[in-house]
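The values are calculated or read from the model by the stated rules, or taken from the named source; none is laboratory data. Note that the structure is a prediction, hence the values are computed from the model and not measured. Note: ideal-geometry Cβ built from the backbone for every residue, glycine included; neighbour counts use all protein chains shown.
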């Protein structure tokens, strides 16, 4: 059984947050694991962030395609 990992770099979290969250909710049944990372220093958060997803199922290709269509977002995939 293979694992499909998707790295999503979000250049401007504030600008992309609503649309990103809507997609992740819409395709939530195709996401096994979700990990969000962003830099935090002295009470302030970085504008960029990284989301790592483990995806599966028939909807994973649609999710990946929709993520790639978001402005300011870079998507990379790994299959193990």
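For the range 24-55, a residue qualifies if it is touching a helix residue (DSSP H, G or I) at 6+ places or on another chain (Cβ under 6 Å) and modelled with pLDDT of 95 or more, and the qualifying residues are 27, 30, 55.
Within the range 59-80, the residues that satisfy the criterion of being in contact with a helix residue (DSSP H, G or I) (Cβ under 8 Å, 6 or more places away or on another chain) and in a loop (DSSP other than H, G, I, E, B) are 59, 70, 71, 72.
The residue that is surrounded by the fewest Cβ atoms within 10 Å (Cβ to Cβ), counting only those in the range 56-80 that are within 17 Å of residue 15 (Cβ to Cβ) and without any contact (Cβ under 8 Å) to a residue 12 or more places away in the chain, is 69. Among the residues of the range 34-47, those that are over 11 Å from residue 7 (Cβ atoms) and in contact with a strand residue (DSSP E or B) (Cβ under 6 Å, 6 or more places away or on another chain) comprise 34, 36, 38.
Within the range 19-44, residues that are under 18 Å from residue 73 (Cα atoms) have Cβ atoms under 6 Å from residues that are surrounded by fewer than 13 Cβ atoms within 10 Å (Cβ to Cβ) in these pairs: 38/45; 38/46; 39/46, counting only partners at least 6 apart in sequence or on another chain. When restricted to residues that are in a strand (DSSP E or B), surrounded by fewer than 18 Cβ atoms within 10 Å (Cβ to Cβ) and more than 11 Å from the chain's Cα centre (by Cα), the range 1-16 contains 0.
The residue that is surrounded by the fewest Cβ atoms within 10 Å (Cβ to Cβ), among those in the range 17-55 that are part of a helix (DSSP H, G or I) and under 10 Å from the mean Cα position of the chain (by Cα), is 21.
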